[in-house]
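Right, one structure below, let's go through it.
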Amino acid sequence: MFKWLDPYAKSETLYHFCGKLLPYLMVSALALLLLGNIWGLAFTPADYQQGDSYRIIHIHVPSAIMSMGAYAAMASAAFVALVWQIKVAHWAVLAIAPIGAVYTVIALVTGMAWGKPMWGAWWVWDARLTSELILLFLYLGVIALNGAFSDRQVGAKVSSLLALIGVINLPIIHFSVEWWNTLHQGASITKFAKPSIDPSMLWPLLISILAFAVLLLALTCLRLRTAILMNEQHRPWVRKLVGG
Amino acid sequence: MVSMVFLQRELRLLARQKADWLNPILFFIIVLSLFPLGIGPEPNMLRIIAPGVIWIAALLSVLLAAERLFKDDYRNGVIEQLVAGRHSLLAFVLAKTFANWLSTGLPLLLLSPVVALLLGLEQAALGAMALTLLLGTPLLSLLSVLGSALTMAADKGGILLALLILPLYIPLLIFASSAIEAASIGLGYQGQLAILLAMLLLALALVPMAVTSALRINVS
């Protein structure tokens, strides 16, 4: 596997690889997003209890799942970067962090909009809401820590280390609704049993989740390409590429 | 053995720079005395907010001490020598953490009866507060050593350190204040204490490793 992966640690190869993937990822993310959201928002039956307001699930759940998925991806990149000392992996950490932060904000905002009609409050200090908020702080911490060093390489390494430390929060978020009996409902699909959601609502939801995942990949590719160009601007291949 | 040498060094440094550990303690007391002034001296009200207030004041005062933990050692090259030398960096980190606890955590623990008096806590809640401080302050020291090691070489340390470690303090704050709250209404609080102990042991196992690698990164 390492023989196969090794060339991609080289920034030039990775740049062109991402460039090749990018159009496919972008188009499929857009298509899946349109399909999943239009199907979910317009064509699924209304919930017997929550009426139409439950439809925000098609944005809330994908962004919440992927805010954690992005963190897991970022932490894996950080692990690779620190253990094998691979530069592009550090840039990948910094490429993912703002995307994950935005996903977290989307999850929090849509959750608030959903909470208002259902629980009667924009915000409750519930275990899952609090730990999702901590996740946002962790993302912001990684971004801020990277910007605080005059030596960019040290900044990249230290923020990778912080990303790795923050992994401890992921299981806490996921299991918070089981450990503490709180207002937020338990998992409907991410469990090892028959999903407790009707298939007619499940399919568009799964498509939306996939769409958010592919969008995450696409944006990461985009940001990683930019990061590679910024960091390698004095290399001959970059100079030739931009024609300078 | 090496740990003892490092510990002696840390304690000697603390003895010479008294402001480093006296100021956070004064800060703790001042923050605590601000709450009754701001909210009003109603005893029932104070009793309700006391658990949270005590722990928030503790977090902030520990944070105040955390910023300078590694700064001087980094500036005058001690860290670099330690990383380059053959001595164990782990012993240094453990000594640092223990000295930090002795200078910030332990005084808070000793002050807790006075604090209970100020905020009108009852006997049962006082016991709970002392126990949570006993289990929680070493965890605070571990986390502040971690935050300090991460931001050691950063240009803008202060506020960044708060942004990094306050989120990590949150679980501790939740369980510690819920233990004191449970005790003050006469419920058992062994569960919260067990969770605090579990968090402390987990941090004790993992944080020193993270700190040594942060030190290595910062001088590489």
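Readers should treat all values here as calculations from the given coordinates under stated rules, not as data from a laboratory. Small disclaimer: the values here were computed from a predicted structure and weren't measured. Cβ: placed from backbone, ideal geometry, glycine included. Neighbour counts: every protein chain shown.
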At 222 nm, what value in deg cm²/dmol follows for chain A if DSSP H runs of at least 4 each add -39500 (n - 2.57) and the sum is divided by all its residues, to the nearest 500? -25000 deg cm²/dmol
Listed residue (B:L121, B:H87, A:P45) projecting farthest to the positive dipole end of the protein assembly as shown, Cβ model: B:H87
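Past 20 Å, Cα to Cα, is the threshold; run B:K71/B:K96; A:K87/B:K71; A:K87/A:K157; A:K157/B:K156; A:K10/A:K87 against it and keep the listed order. Working shown, then result.
Working: B:K71/B:K96 13 Å; A:K87/B:K71 27 Å; A:K87/A:K157 9 Å; A:K157/B:K156 17 Å; A:K10/A:K87 9 Å.
As for pairs spanning more than 20 Å Cα to Cα, those are A:K87/B:K71.
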Can you give me the relative contact order of chain A as a percent, contacts being Cα pairs under 8 Å and 6 or more apart? 33
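Please label the shape of the protein assembly as shown as rounded, prolate or oblate, based on the square roots a ≥ b ≥ c of the eigenvalues of the alpha-carbon gyration tensor (a/c under 1.5 means rounded; beyond that, a/b larger than b/c means prolate, else oblate).
oblate
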Calc'd 3J(HN,Hα), the range A:105-122, phi into Karplus 6.51 cos²θ - 1.76 cosθ + 1.60 (θ = phi - 60°), Hz, glycine/Pro = x, comes to 4, 4, 4, 5, 5, 5, x, 5, 5, 7, x, 4, x, 8, 9, x, 8, 5
Going by C-beta contacts inside 10 Å, put A:V27, A:V158 in order with the fewest on the left. A:V27, A:V158
Charge dipole of the range B:1-158 built from unit charges on the beta carbon (Lys, Arg +1; Asp, Glu -1), centred at mean Cα; most positive-end Cα among B:G40, B:T151, B:L133 is B:T151
Of A:A29, A:A95, A:A144, the one that fluctuates the most in a GNM where chain A has Cα springs shorter than 10 Å: A:A144
Using the count of nearby Cβ atoms within 10 Å as a rough guide to exposure, how do B:R216, B:R86 rank from fewest to most? B:R86, B:R216
Selected from B:V62, B:V83, B:V207 as most flexible by GNM, with chain B as the system and alpha-carbon contacts under 10 Å: B:V83
In Hz, Karplus ³J(HN,Hα) per residue of the range B:117-128 (6.51, -1.76, 1.60; θ = phi - 60°; x = Gly, Pro): 5, 4, 9, x, 6, 8, 3, 4, 5, 4, x, 4
Using θ = phi - 60° and the Karplus relation 6.51 cos²θ - 1.76 cosθ + 1.60, list the HN-Hα couplings for the range B:210-215 in order, rounded to whole Hz, with x at every Gly or Pro. 4, 5, 4, 6, 5, 4
